[in-house]
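Working notes, structure below.
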Amino acid sequence: MERSFAREVGSLSLGAGQTFHGEGILAVTKALLQSGVSYIGGYQGAPVSHLIDVLGDAQGLLRDLGIYFENSASEAGAAAMLGASIHYPVRGAVTWKSTVGTNVASDALSNLASAGVKGGALIILGEDYGDGSSIIQERTHAFAMKSQIWLMDPRPNLASIVDSVERGFELSEASQTPVMMQLRIRACHVHGSFVCKDNVAPAVSTRLGLRDGKFDYAKINLPPSTYEHERQKVQVRWPAALDYIRRARLNEQFPGKRSNLGLVVPGGLYNGVIRALQQLGLADVFGDSDVPIYVLNVVYPLVPDELQAFCQDKEAVLVVEEGQPNYIEESLNAMLRTAGLSARVHGKDVFPLAGEYTGETMLRGISEYLQQARPATPAGDALRQVTQGLTGHKQAAAQALGEPVPNRPPGFCVGCPERPVFSAIKMVQQKLGPLHVSADIGCHTFGTLAPFNIGSTVLGYGLGLASSSGIAPLMDKRVVSVMGDGGFWHNGFTSGVVNAMYNNQDSVLVILKNGYTSATGTQAIPSSPSQPATKPLTLDIEAALRGVGVKWLRKVPSYQVADMKRTLDEAMTTPEGGLKVIIADGECQLERQRRIKPLNAQKLKDGQRVVRTRFGIDDDVCTGDHSCIRLSGCPSLSIKPNPSALRTDPVATVNQGCVGCGLCGEVAHAAQLCPSFFKAEIVQNAGRWERRVDGWRRRIIHAMAGRPRVVQGARA
């Protein structure tokens with residue numbers, strides 16, 4: 001795993017009255033256990049991927065309570081699990097990364113929302129929107145509205161998050177509707193404390209199961225039931241949800257002495273709003289604000305009478321809402337005008353139309369709102385001066401630097417087994433010309449960046465091959481598709497391989513078999529080399545491929561660049577038609593290092609022999625061409641000043657980050673670059689014979705180096 005939570009899961013057993021200290025995701029897990037949940041499933045994805053890790057490490061506790069946990073094959077599989085709550089009074093929770101994961105799960109979610117639920121159904125979403133996001137910029141709000149699924153957005157503190165999990169189940173049961181709870185990255189990683197309750201063993205569990213199955217035609221999503229479902233959504237479930245939100249006071253109101261003003265804030269943005277008010281001198285360190293705040297811990301559905309009452313005596317109200325469309329701002333405007341209220345609604349007129357509301361953005365937007373609300377007061381000038389003082393550091397830094405700071409895009413880890421595959425593809429393109437490469441989601445998406453710039457399109461997780469089916473018949477050369485082994489099992493096998501075989505697609509597929517879903521924290525997949533003891537290795541990529549009729553199949557160790565280049569050449573030029581699959585086999589280097597470093601440390605502690613491999617570059621041989629860097633891009637490859645006074649070009653060098661994967665030498669050999677690379681073995685706790693041989697070598701090298709032959713004043 002990315003990290004083990006085995007030590008932290010002990011806090012999940014805390015009882016009533018005890019204080020929990022920890023991280024947001026651990027608090028979510030504790031809240032699930034306190035809610036009497038019967039089953040939990042999910043698919044990893046930032047920023048909630050470690051919720052799966054925590055649940056995996058807490059398997060013992062889950063078994064004791066009778067809770068079933070499943071690491072689902074995809075988000076669609078996880079969403080379909082919630083069908084257990086349609087007929088039966090059992091609570092279930094699932095988790096994944098939104099919005100891409102929600103899109104994958106959309107079929108199951110639409111059917112779930114139509115049928116409705118009897119037991120509480122909670123969907124915990126990692127809302128990955130903003131500057132630190134790794135996906136397309138969309139929000140969950142639109143999906144919640146179109147399917148009539150209620151959307152919670154708790155304040156980023158542990159007590160609010162835990163309360164939202166527990167109340168989310170209650171809201172779901174009160175309205176017979178599934179509930180989504182979105183957690184931004186700051187909420188997932190926020191640290192704090194809350195007072196615990198006892199864990200609740202579910203009434204229906206793996207220990208106390210259901211006796212009989214149930215059938216109710218009214219819950220089947222076929223006409224005429226679907227028409228009745230639509231009526232229930234609007235006339236029964238929605239009013240029931242509004243009633244529970246009011247009674248449970250899920251949304252919060254914080255008073256302020258400037259009663260003519262007001263802020264309407266989704267819970268997830270509350271901390272940023274309070275920080276901006278503190279900087280403007282309008283809130284103290286305890287969060288007490290001069291400006292009244294209405295916090296939407298439930299952003300859909302909105303409660304009209306609560307919002308109208310909050311805005312009743314306000315001159316101007318600011319809606320703090322990231323992204324487009326501005327659903328909350330538009331809805332509030334409609335509610336106020338319907339009620340005949342005259343309060344002005346600000347929002348996108350002072351905030352950016354799109355993008356994350358960072359600290360500086362929040363500060364500028366709230367300051368601009370306050371100045372527009374009371375433009376003629378001396379306070380407006382004071383606010384303007386404070387804002388300029390707090391936000392002017394960027395301009396000052398830019399002037400001091402004299403030029404923009406260069407972008408720092410992400411890249412492959414040192415020694416990543418996927419890097420050599422892109423080196424080989426790049427060399428093949430030097431021979432065959434530019435190729436159309438259908439890229440995919442995963443670590444290998446970094447191949448689209450420098451120095452490789454390989455990957456014409458990215459259409460979705462496991463969809464690299466599927467996305468090539470439209471362009472492959474139209475290209476003179478074969479199309480290359482890239483897919484990870486995680487994507488293969490998630491969606492790629494059926495949507496890509498089976499589709500290509502069925503349609504007799506003549507193209508090349510490269511499967512990067514690194515053993516894990518590495519981009520989300522190296523969680524295990526069906527073909528992982530180190531499955532948990534309870535899940536023996538049963539699935540094999542090669543067997544699956546041959547099972548659907550793939551005949552042209554090659555398996556090449558990832559680091560053997562010359563062999564990979566030769567195999568790609570063969571795949572691109574063979575007269576044999578149909579799908580050609582190359583499996584690039586190389587374990588994730590990050591996971592390998594996590595495994596072997598503790599073992600080597602223990603060996604050193606025990607006085608045992610340990611050998612580490614490192615690569616280097618001979619300064620006297622290096623020509624300064626740097627093709628090795630352009631074809632490899634490994635972070636451990638860099639440049640340094642040339643030690644020779646007769647040459648000005650910097651030479652390549654290998655820094656201490658090298659893990660000894662050998663890629664740099666392999667690339668140099670495959671591309672026929674230069675012989676400047678050398679391999680060195682660092683031996684610790686060497687034996688007596690090794691030390692003696694090393695002494696002899698040193699004396700011989702010293703003797704040979706100590707008598708240089710001088711030719712015309714130069715050293716030979």
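The values are calculated or read from the model by the stated rules, or taken from the named source; none is laboratory data. Bear in mind that the values here come from a model prediction, so they are computed numbers and not experimental data. Cβ atoms come from the backbone with ideal geometry, glycine included; neighbour counts cover every protein chain shown. Note: accessible area is taken over every heavy atom of the protein model, side chains too, but ligands, DNA and RNA are not part of it. Shrake-Rupley method; radii C 1.70, N 1.55, O 1.52, S 1.80 Å.
Per the Debye formula with a single identical scatterer at each Cα and no solvent contribution, what log10 I(q)/I(0) holds for the stretch 1-128 at q = 0.12, 0.13, 0.14, 0.23 Å⁻¹? Relative scattering, expressed as log10 I(q)/I(0), comes to -0.43, -0.51, -0.59, -1.42.
Computed over the stretch 124-248, the P(r) curve from all C-alpha pair distances, binned at 10 Å from the origin, holds 10, 30, 33, 22, 5, 0 percent per bin. Surface listing: LEU263, LEU242 arranged by accessible area from highest to lowest gives LEU242, LEU263, probe 1.4 Å.
In this structure the amide hydrogen of SER35, modeled in the peptide plane, comes within under 5 Å of the amide hydrogens of VAL200, none closer than 5 places in sequence on its chain. Find the Rg to Rh ratio for the stretch 475-624, where Rh is the Kirkwood radius over alpha-carbon pairs and Rg uses the same atoms. With Rh from the inverse mean 1/r over Cα pairs, Rg/Rh is 1.07.
Pairs LYS146/LYS219; LYS146/LYS257; LYS30/LYS257; LYS394/LYS640: which exceed 29 Å Cα-Cα?
LYS146/LYS257; LYS30/LYS257; LYS394/LYS640
May I ask you to derive the relative contact order of the chain, considering only C-alpha pairs under 8 Å and at least 6 residues apart, and to give it as an integer percent? Before the final figure, lay out the partial values.
Working: 1344 pairs, mean separation 67.5, N = 716.
Relative contact order for the chain comes out at 9 percent.
So, with a 1.4 angstrom probe, what is the percent of accessible area on the stretch 44-148 that is carbon and sulfur?
Details: 1660 of 3120 Å².
That fraction is 53 percent.
Computed 3J(HN,Hα) for the stretch 610-616, one whole-Hz value per residue from the Karplus formula 6.51 cos²θ - 1.76 cosθ + 1.60 where θ = phi - 60°, is 10, 10, 10, 9, 9, 10, x, glycine and proline marked x.
For the stretch 508-618, the carbon plus sulfur part of the accessible surface works out to 53%, probe radius 1.4 Å.
Which of the GluC sites (Glu not before Pro) across the stretch 557-634 are loop residues per DSSP, with 14 or fewer other Cβ within 10 Å? Sites meeting the loop and neighbour criteria: GLU576. In the context of the full set of protein chains, the chain has a per residue accessible area of 46 Å² (1.4 Å probe).
By accessible area, using a 1.4 Å probe on protein heavy atoms only, the stretch 176-277 has 55% of its surface on carbon and sulfur. Between amide H atoms placed 1.01 Å from N, distances below 5 Å from GLY262 occur with ALA316, LEU318, all of them 5 or more places distant or on a separate chain. Here, the stretch 1-55 is characterised by an Rg to Rh ratio of 0.95, where Rg is the alpha-carbon radius of gyration and Rh the Kirkwood radius. Considering only beta bridges that DSSP places wholly inside the chain, some 35 percent are antiparallel. Measuring gaps between exposed loop sites in the chain (chymotrypsin sites (Phe, Trp or Tyr not before Pro); DSSP loop; at most 16 other Cβ atoms within 10 Å), the longest gap, sites not included, is 287-716. With the convex hull constructed from alpha-carbon coordinates only, the stretch 213-280 shows a mean projected area of 8.4 nm² over all directions.
Along the stretch 505-516 the Karplus relation, 6.51 cos²θ - 1.76 cosθ + 1.60 evaluated at θ = phi - 60°, assigns HN-Hα couplings of 6, 9, 8, 10, 10, 10, 9, 8, 9, 9, x, 8 Hz to successive residues, with x for each Gly and Pro. In the chain, the alpha-carbon atoms span a convex hull of 222 Å³ per residue. Out of the DSSP beta bridges found with both residues in the stretch 493-606, what percent are antiparallel (nearest 5)? Of all bridge pairs located within the stretch 493-606, approximately 15 percent are antiparallel. The distance linking the stretch 418-452 with the stretch 545-590 is 14 Å (Cα centroid to Cα centroid, whole angstrom). Residues in the stretch 443-457 carry Karplus couplings, in order, of 4, 5, 4, 4, x, 6, 9, 4, x, 8, 6, 10, x, 7, 9 Hz; the curve used is 6.51 cos²θ - 1.76 cosθ + 1.60 with θ = phi - 60°, and Gly or Pro positions show x.
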